[in-house]
Amino acid sequence: MKILQWVLTIVALLMSVSLLFAGQWIGFVIAFLAVLLVAPPIQSYINPHFPWLRSRFLKLFLGVIILFIALMVSGGNLVRFTKVTVCKTPVDGQCEKHEIAFIEQTPTVSVSAKLRQANIAKQVNVTLDYWPEPEQESEVLSQVFDVPKGQKSVLLALDQVNLQPGNYRVKLTPDGLGNKAPLPSEKIFSVWTDPQDVTSRNEGELEDAGLNNSITSIKICEGSSDAKQPCEEDLSELSIQVKFLSFTADFPSIGNVQFREDSEITYLLRYLGKTKDAKNPPVQLLRETSELDRKVGTYTLGIPSPAKGFPPGEYELITSLEARSSRPIRKQFTLK
């Protein structure tokens, strides 16, 4: 029952924030009352003052009723696109399913969506955000499309995107609504270097490893003969004289979240060229997949220098867990 309280709390909080941003103050206040009613952390304050509300079932029931009232009060003023899907090749003007993985350098991405209230939105604003690493988000595309009058579905082609390895979010916001309020809709997908990675994720050949199954951070440093010694610092520039390169990945440990016991991690190292502006295709130097010890929470890979040393220039490291919904982390560094 407590889990249901948390679920309803999150739903009510998201709804209240959406109503706040949409300028629906009355709806926001009503929806936030549901948060106050069911949120587990504040039950110790509510129960002594309102003994008749001690029943969790009653709180959940009243919370749902309050959220319904908030929607009714808003008067259906919020307009959003539904069934947003992203794909490479649409069929009959629609994406058949949402593809969670794409191959790098894909030039065009198609986005399809439905609009329940036809004749409402005259345009749709589309933005595409990219983040190779956590908290390094940037907007790579912003475009406005016209919505044909009376059309309940749209197919939008995002051209010349040239996807790079990492994670993307596409966001659709209806525009030209008159006195209606827009509510953005979004979808997330990832980009990989190997077609086999794309296929295994889109077709569900990999299992999900549980909750929070993506790597949280990567450190790159000069290693030692102890190949498993974790990096204490994260360097973006190293000397070509290094004897070892070490890469340390941090991920949630088994004590905190659900994981399959046989989860694996993959490191992919590529040489990009002597300069950041090099036009040559990346050269794959290494791909290694290893099993994880969930109790440790980190995994370090050490690479000894080749006999002739590492060539100077730009490198990238792409790291991910071998799980269908895992997101890759892309880090670039320089040897000189």
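The values are calculated or read from the model by the stated rules, or taken from the named source; none is laboratory data. In this text the structure is predicted, and so the values were computed from the model without any measurement. Note that each Cβ is placed from the backbone with ideal geometry, even for glycine, and that neighbours are counted across all protein chains shown.
List of remarks:
- Restricting segment 308-336 to residues that are more than 21 Å from GLU237 (Cα to Cα) and part of a loop (DSSP other than H, G, I, E, B), the residue that is farthest from the chain's Cα centre (by Cα): GLU322
- For segment 280-307, the set of residues classified as hydrophobic (A, V, I, L, M, F, W, C) and part of a strand (DSSP E or B) consists of VAL283, LEU285, LEU286, LEU301, ILE303, listed by residue number.
- Scanning segment 264-284 for residues that are at pLDDT 90 or above and buried (at least 16 other Cβ atoms within 10 Å of the Cβ) gives ILE265, THR266, TYR267, LEU268, LEU269, ARG270, TYR271, LEU272, GLY273, PRO282.
- Sub-8 Å Cβ pairs linking a first residue in segment 130-156 that is among the small types (Gly, Ala, Ser) to a second residue that is in a loop (DSSP other than H, G, I, E, B) and surrounded by 13 or more Cβ atoms within 10 Å (Cβ to Cβ), at least 6 apart or interchain, are GLY150/ALA118, ordered by first then second residue.
- One residue from THR85, THR108 being in contact with a Leu (Cβ under 8 Å, 6 or more places away or on another chain) and not acidic (Asp, Glu): THR108
- When SER224, SER138 are checked against the criterion of being exposed (fewer than 15 other Cβ atoms within 10 Å of the Cβ) and assigned by TED's automatic domain parsing to the domain that holds PRO328, SER224 stands alone in meeting it.
Each row is one residue, and each column tells you yes or no for (1) under 24 Å from VAL109 (Cα atoms); (2) among the aliphatic types (A, V, I, L, M); (3) not in a strand (DSSP E or B).
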| site | (1), (2), (3) |
| --- | --- |
| LYS171 | yes, no, no |
| ASP197 | yes, no, yes |
| ASN213 | no, no, yes |
| SER224 | no, no, yes |
| PRO230 | no, no, yes |
| GLU233 | no, no, yes |
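- Any chance ASP197 is farther than 22 Å from GLY302 by Cβ and among the acidic types (Asp, Glu): yes
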